[in-house]
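Q: Can you keep this structure in mind? I'll have questions shortly.
Values in this text are rule-based calculations from the coordinates and carry no lab data. Note that the structure is a prediction, hence the values are computed from the model and not measured.
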C-alpha cells in the first residue's frame, strides 16, 4: 500500500521554489554554464503511484514556466550521486 497526501498546489509551491532558487543561484546565474540545471530525485521504481504527481508537475512546470532551465529526473539516490560525481567530481555520502 502507498499513501501520501499532497495537493497539486502544495507540490507546485515546492517545485516553483526549487525552480526559482535554481534561476537565481544556478550555473547560468553564476556565469559557469549556459543553462541552470535542476534534478528531481525520487524513488519512482518503488513508489510508483505516490511519486507520479511530483514527476508530472515537475516536467509540466519546467517546460511551461522555466524553459531556460535544464530539467533532469533521476529515479534513485545512487544514480543521482553518480551524476553529481560526474558533473563536479564531488562525493555523495
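Q: In nm², what is the average projected area of the convex hull enclosing the Cα atoms of the range 31-80?
A: Result: 3.9 nm².
Q: Could you give the angle, 0 to 90 degrees to the nearest 10, between helix 52-65's Cα long axis and the longest principal axis of the Cα atoms of the chain?
A: 40 degrees
Q: Mind pulling the angle between the C-alpha long axis of helix 8-25 and the longest principal axis of the chain? Nearest 10 degrees, somewhere in 0 to 90.
A: 10 degrees
Q: Would you report the distance distribution of C-alpha pairs in the range 1-50 as whole percents per 10 angstrom bin, up to the bin with the largest distance?
A: Spelled out bin by bin, the range 1-50 gives 22, 37, 27, 13, 1 percent.
Q: Give, in nm to one decimal, the length gained when the segment between residue 86 and residue 7 is fully stretched (0.36 nm per residue of separation minus the Cα-Cα distance).
A: Stretched fully, the residue 86-residue 7 segment lengthens by 25.0 nm.
Q: Over the C-alpha atoms of the chain, what are the Rg and the largest Cα-to-Cα span, Dmax, in Å?
A: 14.1, 46
Q: Using alpha-carbon pairs under 8 Å, 6+ residues apart, how would you state the relative contact order of the range 1-59 in percent?
A: Reported relative contact order: 39 percent.
Q: Helix-derived [θ] at 222 nm for the chain: sum -39500 (n - 2.57) over DSSP H runs of at least 4, divide by residue count, nearest 500?
A: After summing the helix terms and dividing by residue count, I get -15500 deg cm²/dmol.
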